[in-house]
1. Would you point out the residue of region 343-364, among those that are touching a strand residue (DSSP E or B) at 6+ places or on another chain (Cβ under 9 Å) and in a loop (DSSP other than H, G, I, E, B), that is surrounded by the fewest Cβ atoms within 10 Å (Cβ to Cβ)?
2. Please determine whether any residue of region 209-227 is surrounded by fewer than 18 Cβ atoms within 10 Å (Cβ to Cβ), in contact with a helix residue (DSSP H, G or I) (Cβ under 6 Å, 6 or more places away or on another chain) and in a helix (DSSP H, G or I).
3. Among the candidates 411, 400, which residue alone is assigned to a loop (DSSP other than H, G, I, E, B), at pLDDT 95 or above and more than 11 Å from the ligand (Cβ to nearest atom)?
4. Looking at residue 91, is it under 30 Å from residue 134 (Cα atoms) and out of contact with any helix residue (DSSP H, G or I) (no Cβ under 8 Å at 6 or more places or on another chain)?
5. Can we say residue 16 is surrounded by fewer than 24 Cβ atoms within 10 Å (Cβ to Cβ), within 13 Å of the ligand (Cβ to nearest atom), under 20 Å from the mean Cα position of the chain (by Cα) and modelled with pLDDT of 95 or more?
6. Which pairs turn up if I take residues in region 43-57 that are closer than 14 Å to residue 104 by Cβ and look for partners that are assigned to a strand (DSSP E or B) and at pLDDT below 95 with beta carbon separation below 9 Å, at least 6 apart in sequence or on another chain?
7. Are any of the residues in region 378-386 in contact with a strand residue (DSSP E or B) (Cβ under 9 Å, 6 or more places away or on another chain) and assigned to a helix (DSSP H, G or I)?
8. Can you pull out the residues in region 183-205 that are touching a helix residue (DSSP H, G or I) at 6+ places or on another chain (Cβ under 6 Å) and over 21 Å from residue 49 (Cβ atoms)?
Ligand SMILES: Cc1cc2nc3c(=O)[nH]c(=O)nc-3n(C[C@H](O)[C@H](O)[C@H](O)COP(=O)(O)OP(=O)(O)OC[C@H]3O[C@@H](n4cnc5c(N)ncnc54)[C@H](O)[C@@H]3O)c2cc1C
């Protein structure tokens with residue numbers, strides 16, 4: 001089959017890789033000159049099955065209200081005259097019940113464990129290298145209340161097979177000695193030895209290299225303007241090429257992997273995707289003091305931040321701001337992240353050389369991505385991965401490739417059925 005993949009972010013490139021593995025002729029389209037240049041550009045660098053607790057959980061409504069209008073809040077809704085934002089917010093509230101939270105954790109963990117396994121297989125088979133580290137992920141807490149709230153979800157994750165075990169403050173410092181500075185303030189931690197980290201953008205570029213070597217075509221600097229249908233199926237994609245000329249690109253099947261732009265492209269087809277952009281920030285800086293710098297990837301749930309070590313650079317990323325498609329760098333939010341890093345690892349990074357970035361996570365109200373069929377027979381979804389797009393990329397890419405090929409997916413997950 002000829003398959004057209006819309007979007008060359010982490011989800012598009014992994015879809016392309018697994019589709020060509022199953023013998024399809026694949027073309028990938030993207031508006032940027034290089035792959036993985038939007039949300040997949042400078043993320044937190046975690047392969048984090050243990051980060052499965054969705055933003056929507058029983059404690060969230062109170063926190064969100066408390067944070068309204070607070071410029072440096074970890075999760076900030078900037079209320080707009082935007083019906084999509086309000087509708088998404090209502091759907092988010094519906095996902096905050098204990099039952100929905102448990103169900104969503106189950107989906108996220110199942111896909112995460114499968115996906116991490118597929119990533120390892122890909123690494124073994126191809127030798128891709130992307131500053132990866134297999135030292136696990138440590139969630140640390142400086143608030144006893146936050147630590148207590150993490151215990152139940154961690155227990156559920158363990159029951160689902162994700163070994164996120166509770167560790168004492170002393171053990172946390174043994175796992176990551178750079179935490180010694182805040183040892184007196186540590187309320188507790190959890191550690192997932194099987195989780196990993198690395199440079200997601202390098203990973204995406206490596207996968208593109210593998211795809212190109214296997215004749216996958218990448219049409220870069222092509223802006224998709226519409227998906228056109230005839231007789232209930234997608235007939236072609238309309239795009240403008242780098243010279244501004246309209247092009248029609250045809251295939252037998254199409255994968256929608258346009259990140260936070262996916263709902264805008266699906267809406268004219270009558271397909272409503274519950275995806276809203278959740279802006280996140282990252283800071284990347286060179287290591288200044290090796291003795292103070294972390295090696296193990298860390299999660300700071302309280303501040304909604306993750307810390308990864310990418311070679312000789314530190315990457316700190318996270319927080320969420322619901323403010324439409326705005327990608328501006330807000331100085332207050334950037335400074336809040338640097339302040340927290342300096343508080344935990346003083347002098348570790350060269351803050352004078354810090355590079356800031358924002359990206360729009362394609363967030364669903366439940367944090368569960370949309371993968372599978374649509375009611376248009378030849379249009380498939382691989383989008384809405386929110387906070388865990390890299391963690392879920394290999395599992396999602398392989399699953400959508402199998403569904404398109406008429407094969408059963410290898411993981412028990414709530415795939416979309418159209
Ligand atoms: C701050 C931050 C930290 C994060 N940390 C982690 C982490 O540690 N671990 C993890 O697993 N995940 C993390 N994520 C999430 C992860 O980065 C995303 O889920 C993932 O990058 C989404 O990939 P995507 O392919 O769906 O979207 P994108 O990467 O945005 O890809 C979509 C592509 O579609 C293209 N496109 C859009 N519109 C058009 C159009 N009209 N025509 C042509 N092309 C178009 C874009 O150019 C883009 O390349 C983080 C995200 C953020 C923002």
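The values are calculated or read from the model by the stated rules, or taken from the named source; none is laboratory data. Just so it is clear, the model here is predicted, and its values are computed rather than measured. Counting neighbours? That spans all protein chains shown, and the Cβs are built from the backbone with ideal geometry, glycine included.
1. Only one residue tops the list, namely 350.
2. no
3. 411
4. no
5. No: the conditions fail for residue 16.
6. Cβ pairs passing all conditions: 55/75; 55/320.
7. Yes, some residue in region 378-386 is in contact with a strand residue (DSSP E or B) (Cβ under 9 Å, 6 or more places away or on another chain) and assigned to a helix (DSSP H, G or I).
8. Matches in region 183-205: 183, 186, 187.
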